[in-house]
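The values are calculated or read from the model by the stated rules, or taken from the named source; none is laboratory data. All values reported here derive from a predicted model rather than from experimental measurement. Positions of Cβ are generated from backbone atoms using ideal geometry, with glycine treated the same way; all protein chains shown enter the neighbour counts.
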Amino acid sequence: MQTDWYIDQLKRPAYEAPAAPITWERSEYMSGTNDYIQVQPEMKSQIDALYRENPEEAKRMLGDNPYELKNILKYWVRSKDPQMHVIPTDSIIITVNKENVRNSGIRMISDSIPDYVCMKIDKSALHKNHLMMLEMLAQSDWKRPIYYAATVGKDLYLNLSDNFIQEGLAYRVSPFNTNGQFVDADKMYDNIMNKFRYGNISDPSLYLDQTVRGMCLTHRRMFSVLADELIRRGDKERALKVLEKGEKEIPDYAVSYTQNIGGTTEIARAWSQLGKKDKAVKLLTKVVESSKQYLDWYMLYSSNSLSSNAYECSVRLTEMLTAINIMRKEGLPNAEKYMAEAEQYYAALNAKGVNINLGN
């Protein structure tokens with residue numbers, strides 16, 4: 001949403017979806033206009049003083065609450081006065097329309113709906129894509145859901161991740177404080193098991209390039225997240241179906257389980273917790289043996305070359321230890337053997353002057 005042509009498209013209906021809730025005129029977001037708006041929280045003291053000394057005039061100028069999202073957009077960001085083109089706070093208030101929330105179909109994780117959501121701004125300026133997100137949040141008024149794709153960088157979250165509800169490959173913005181860890185298991189199950197189409201990934205005659213494989217790893221991680229949540233809720237029957245579906249749709253021969261970024265260790269742990277110990281051992285062994293191969297290769301480097309690859313060594317050793325720790329916790333074979341080997345790699349890397357940060 002950083003470019004005018006993309007915003008143009010969002011403002012048009014597409015297929016069965018209505019236009020995105022953006023009310024800005026094109027002249028307000030065309031290239032070179034409102035490319036960014038500075039955040040100036042130091043102005044709060046002046047605004048607060050105005051509301052204390054002349055509240056009626058202040059409300060006429062800036063609304064009942066000058067820090068409420070709709071008022072910031074109306075009286076500041078979209079003001080005709082160039083001097084007002086700032087965001088005068090680092091804490092934006094989003095008013096919650098409780099009736100719209102109840103009718104929106106969102107998972108009600110609490111009987112009590114908050115009156116507002118507080119959005120902390122930790123940037124010195126918000127760019128056009130951020131401003132469009134604020135506009136859609138304001139105009140949707142909790143009637144139409146707003147989602148962030150699971151692949152979007154955290155920089156675009158605007159510190160709303162504590163209000164996310166995961167429903168599949170997207171996070172839904174909710175009025176509830178979820179600490180970013182709530183999964184709507186029922187909706188996610190329906191999406192993954194019944195609605196998503198996997199494009200014949202399992203067809204061995206198809207070539208999957210790096211970009212496609214990356215997306216496949218993202219999908220595979222969704223299977224691990226859902227299975228873990230269902231196990232936590234005691235729904236082992238559906239958790240088993242999820243793992244079997246993932247194994248069928250994104251098989252190892254198409255997208256290798258050696259890449260733990262796809263949630264291999266979490267999937268292995270889920271298999272183990274569902275009584276499928278042999279499947280867990282197979283996956284965890286793949287991760288460990290793959291890590292060993294990479295580390296053996298790096299150990300052939302000279303000290304200087306090895307130092308420049310310290311991060312990659314750390315990643316591989318960390319993945320190896322993650323798999324081993326699950327082996328230990330689940331009582332699976334070869335855990336101690338592999339742990340001894342991991343300690344040897346760690347010592348050998350240190351001896352070559354590579355200090356590995358394992359995050360603990």
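What to note about this one:
- Contact map, the stretch 282-300: first residue among the hydrophobic types (A, V, I, L, M, F, W, C), second residue not in a helix (DSSP H, G or I), Cβ cut-off under 6 Å, separation 6 or more or different chains; pairs are L283/Y257.
- Checking each residue of the stretch 24-33 against the condition of being basic (K, R), under 21 Å from D4 (Cβ atoms), in a helix (DSSP H, G or I) and without any contact (Cβ under 8 Å) to a residue 24 or more places away in the chain gives at least one match.
- Extreme residue, surrounded by the fewest Cβ atoms within 10 Å (Cβ to Cβ), among residues of the stretch 289-304 that are touching a Leu at 6+ places or on another chain (Cβ under 8 Å) and hydrophobic (A, V, I, L, M, F, W, C): M299
- Residues in the stretch 303-360 that are under 17 Å from K292 (Cα atoms), outside any helix (DSSP H, G or I) and under 25 Å from the mean Cα position of the chain (by Cα): 1 in all.
- The stretch 258-298, residues that are at pLDDT 95 or above and assigned to a loop (DSSP other than H, G, I, E, B): L274, G275, K276
- The set of residues in the stretch 184-201 being of a type in the set (S, T, N, Q) and either within 18 Å of the chain's Cα centre (by Cα) or farther than 12 Å from E249 by Cα (or both) consists of N191, N194.
- When the stretch 187-214 is limited to residues that are free of Cβ contacts under 8 Å to residues at least 12 places away in the same chain and either surrounded by 13 or more Cβ atoms within 10 Å (Cβ to Cβ) or of a type in the set (V, I, T) (or both), the one that is nearest to T151 (Cα to Cα) turns out to be G214.
- Flag: A280 matches the condition of being of a type outside the set (D, E, K, R), closer than 28 Å to I231 by Cα and surrounded by 11 or more Cβ atoms within 10 Å (Cβ to Cβ).
- V96 being more than 30 Å from G234 (Cα to Cα), crowded, with 16+ Cβ neighbours inside 10 Å and in contact (Cβ under 8 Å) with a residue 40 or more places away in the chain: yes
- The numbered conditions (1) in a strand (DSSP E or B); (2) over 16 Å from A125 (Cα atoms) are all true for I37 except (2).
- Residues of the stretch 215-235 that are closer than 13 Å to A185 by Cβ and either surrounded by fewer than 17 Cβ atoms within 10 Å (Cβ to Cβ) or more than 19 Å from the chain's Cα centre (by Cα) (or both): L230, I231, R232, R233, G234, D235.
- Any chance I250 is surrounded by fewer than 19 Cβ atoms within 10 Å (Cβ to Cβ), touching a residue at least 40 places away in the same chain (Cβ under 8 Å) and among the aliphatic types (A, V, I, L, M): no
- Only one of E330, E336 that is surrounded by fewer than 18 Cβ atoms within 10 Å (Cβ to Cβ), within 18 Å of K282 (Cα to Cα) and without any contact (Cβ under 8 Å) to a residue 24 or more places away in the chain: E336
- In this entry, S45 passes the filter for residues that are among the polar types (S, T, N, Q), under 26 Å from D122 (Cα atoms), free of Cβ contacts under 8 Å to residues at least 40 places away in the same chain and not in a loop (DSSP other than H, G, I, E, B).
- Qualifying residue in the stretch 305-318 (condition: among the basic types (K, R) and crowded, with 18+ Cβ neighbours inside 10 Å): yes
- Some residue of the stretch 50-67 being surrounded by 11 or more Cβ atoms within 10 Å (Cβ to Cβ), among the acidic types (D, E) and over 19 Å from I92 (Cβ atoms): yes
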